[in-house]
Each structure stands twice: as structure tokens, then as C-alpha cells.
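*Asks:* To start, I am sharing the structure in question, which I have written as C-alpha cells.
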């Protein structure tokens, strides 16, 4: 039996913008998807026992099947002979917007490598997970699978010319508490990414200006994180959410949760991930985390209490 894990993630700055080459900042969170793979049975089966997986997998089952097929092909495993039993668990819920698909792809890739006795580096695992993510996101930026593979806090810039992406490890003085609120809407990342690309093509001047603002925000946030100026980080998160509203990837449920978090004292709040549903994130250091989380739960929303700035996966390098 092969086993593996992949981190959940939160995009602090730059979702959607990173697809078009704008730098972004992503952090792994201290929640993971765990996978076990066995060469057994008569066909590939997936037993998904993650929290919230029922609704998630009902809408994304076809994408999940395609992602596994892509992994097998990339790893050189004959799909017709790969009779596998795949189990998914861990403490990362299957919410949209927290890197659930990327975390599961990394976890499965690591488990497959172990079961088939492949000595794969983290770099190769990341490549495999990127191919798997195409099933969920169409043309992924690579930011989700990078965080899921390596952990930590990462400065990410996609190379639009096809070369290696820029991946720079950042550091924080200490982990910081966040709250991730789930709208309950399973978002279609592929559809949201395509929508932004279409609107950008129709309105190039307007979108170029918005994308330039997103780039400036990312650089400012990089400095604020290095100084551990969480108040400034929160202000920049608020500004980033405004830009995401401008490119039409937010929704009323996300905006409601963002506003609720801010009224409860969060340093900053914004949607995270593809938008159109899924999750938002609030920066809630210390005791603020419970205050904000409790307020959201009182309104009937599911939340994840977690931290940014967690360390890398303790596996192969």
C-alpha cells in the first residue's frame, strides 16, 4: 500500500491574476488530504471519506476520474492495467477554494509513487499534480499544486512563455490564524477562469489597469508579510477583494461572509480561489479567530479554523 499527503492552501493575493502572469502569494494551511493506494480490485475505485466530500464529488466526479487518468499517464503507469483502490481522507474539507483538488492530486501522486516503487522528487510530484489539475481548472496557473506539494508561504509567478514558473519561498515570523468560510456553493474553477479570460479580451484597457493594481498589491503584501505587519496585510487583502469583485468573480454569498468577518474585527477578508462560490478567507490573529468563526457558524456557514505559514511536507526532497 502506498500513502501520501498534500497540503490545503489559501491564496492570499493574486487568484485569477496569476493565470495571466501576475505574481501571487499562496500559503499552505495546517490541514491536509491523505491518500492510500492499493493495487487491488477489478477497476479503479475511489473511496472519498473527506468532510464535505459527498456534495463535492457528486459534482466533480468526472473531473476526479480525468485527473487520475492524467496522473497515471504522466507517471507512465498503464491505466488499463492499473487496477487500484484509492482512499481519500485527512482533515482538509472538500470545500471549493481551499485547494482540495490539488491537495488530493498531490496526495494520490505520492501514494501512487510509493505503491509502484517510484523514487519521485517533490519537483516531479508537483509536475504530476499540475497535469492532474488540468482536469479541474482547464489551464491552471500551477499555484495550487505548488502549495500542496511544498507547503510554507510561496511567492509564485507563472511563466507565460512555457518555461519554469517562479517559485520563491517566503517566511513569516510565526504562523497566523485565519478563518476560511464556506459559501456552500461548489464552484467550477474552469468556468470562472474562462470567464475572466473572455472579459479581459473584450475589455483589454480596463483589465490591464486592474491587473496592474493586482501586481502592485502583491509586491506590497510581500513586504508586509516579511515585516509581519498583519494590519497592513489585512488592508491589502481588502483591496484585493475589491479587484476580484471588479473582474466579476465574487458573488453575494462571498461578499456577505467577507463583510461579516470585517464587522467582527478581522484584519482583512477576501474571497480565495476561483470565486463564484467556494470559500473566503479572513485574517484573524489570536483570539479573533474564534470570534469570527463563531459569528459565521451562527449564520449557518461551515468554517475551517486553520493557520497560514505552516512548514513543508516532511517527505522526499
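The values are calculated or read from the model by the stated rules, or taken from the named source; none is laboratory data. The structure presented is a predicted model; accordingly, all values stated were derived computationally and were not measured. Positions of Cβ are generated from backbone atoms using ideal geometry, with glycine treated the same way; all protein chains shown enter the neighbour counts.
*Asks:* Looking at 89, 97, which one is part of a loop (DSSP other than H, G, I, E, B), under 20 Å from residue 65 (Cα atoms) and either modelled with pLDDT of 95 or more or in contact with a strand residue (DSSP E or B) (Cβ under 6 Å, 6 or more places away or on another chain) (or both)?
*Replies:* Result: 97 is the single residue among 89, 97 that is part of a loop (DSSP other than H, G, I, E, B), under 20 Å from residue 65 (Cα atoms) and either modelled with pLDDT of 95 or more or in contact with a strand residue (DSSP E or B) (Cβ under 6 Å, 6 or more places away or on another chain) (or both).
*Asks:* For residue 31, which of the numbered conditions (1) part of a loop (DSSP other than H, G, I, E, B); (2) at pLDDT below 90 fails to hold?
*Replies:* With respect to (1) part of a loop (DSSP other than H, G, I, E, B); (2) at pLDDT below 90, residue 31 is out only on (1).
*Asks:* (1) in contact (Cβ under 8 Å) with a residue 60 or more places away in the chain; (2) surrounded by fewer than 18 Cβ atoms within 10 Å (Cβ to Cβ); (3) under 21 Å from residue 146 (Cβ atoms): which one isn't true of residue 304, the others all being true?
*Replies:* (2)
*Asks:* So, in segment 66-86, of the ones that are modelled with pLDDT of 85 or more and touching a strand residue (DSSP E or B) at 6+ places or on another chain (Cβ under 8 Å), which residue ends up nearest to residue 147 (Cα to Cα)?
*Replies:* So the residue we want is 68.
*Asks:* Now, a different point. Determine whether segment 181-199 contains at least one residue that is farther than 16 Å from residue 273 by Cα and either free of Cβ contacts under 8 Å to residues at least 60 places away in the same chain or outside the structural domain of residue 148 (by TED's automatic domain parsing) (or both).
*Replies:* Within segment 181-199, one or more residues are farther than 16 Å from residue 273 by Cα and either free of Cβ contacts under 8 Å to residues at least 60 places away in the same chain or outside the structural domain of residue 148 (by TED's automatic domain parsing) (or both).
*Asks:* Next question, about the same structure. Suppose we filter 260, 254 for residues that are under 15 Å from residue 182 (Cβ atoms), under 18 Å from the mean Cα position of the chain (by Cα), part of a helix (DSSP H, G or I) and modelled with pLDDT of 95 or more; which single one remains?
*Replies:* 254
*Asks:* In this structure, does residue 261 turn out to be closer than 21 Å to residue 140 by Cβ, surrounded by 21 or more Cβ atoms within 10 Å (Cβ to Cβ), in contact with a strand residue (DSSP E or B) (Cβ under 6 Å, 6 or more places away or on another chain) and in contact (Cβ under 8 Å) with a residue 60 or more places away in the chain?
*Replies:* No; evaluated as a whole, the condition is false for this residue.
*Asks:* Is it the case that residue 221 is closer than 19 Å to residue 184 by Cβ, in contact with a strand residue (DSSP E or B) (Cβ under 7 Å, 6 or more places away or on another chain) and surrounded by 18 or more Cβ atoms within 10 Å (Cβ to Cβ)?
*Replies:* No; evaluated as a whole, the condition is false for this residue.
*Asks:* Also, I was wondering about something else. Picking from 88, 120, which residue would you name as being crowded, with 23+ Cβ neighbours inside 10 Å and outside the structural domain of residue 254 (by TED's automatic domain parsing)?
*Replies:* It is 88.
*Asks:* Filter segment 147-175 down to residues that are assigned to a helix (DSSP H, G or I) and within 22 Å of residue 282 (Cα to Cα) and give me whichever is modelled with the lowest pLDDT.
*Replies:* 147
*Asks:* Within segment 176-192, take every residue that is assigned to a helix (DSSP H, G or I) and surrounded by fewer than 22 Cβ atoms within 10 Å (Cβ to Cβ) and give me the one that is modelled with the lowest pLDDT.
*Replies:* 190
*Asks:* Is it fair to say residue 230 is at pLDDT 95 or above, closer than 30 Å to residue 5 by Cβ and buried (at least 23 other Cβ atoms within 10 Å of the Cβ)?
*Replies:* no
*Asks:* I need the full set of residues from segment 106-140 which are farther than 23 Å from residue 273 by Cβ, in contact with a helix residue (DSSP H, G or I) (Cβ under 9 Å, 6 or more places away or on another chain) and assigned to a loop (DSSP other than H, G, I, E, B), in order please.
*Replies:* 118, 119, 120
*Asks:* Sticking with this structure for a sec: Can you confirm whether segment 274-296 contains a residue that is over 16 Å from the mean Cα position of the chain (by Cα), surrounded by 15 or more Cβ atoms within 10 Å (Cβ to Cβ), in a strand (DSSP E or B) and not assigned by TED's automatic domain parsing to the domain that holds residue 126?
*Replies:* Yes, segment 274-296 contains at least one residue that is over 16 Å from the mean Cα position of the chain (by Cα), surrounded by 15 or more Cβ atoms within 10 Å (Cβ to Cβ), in a strand (DSSP E or B) and not assigned by TED's automatic domain parsing to the domain that holds residue 126.
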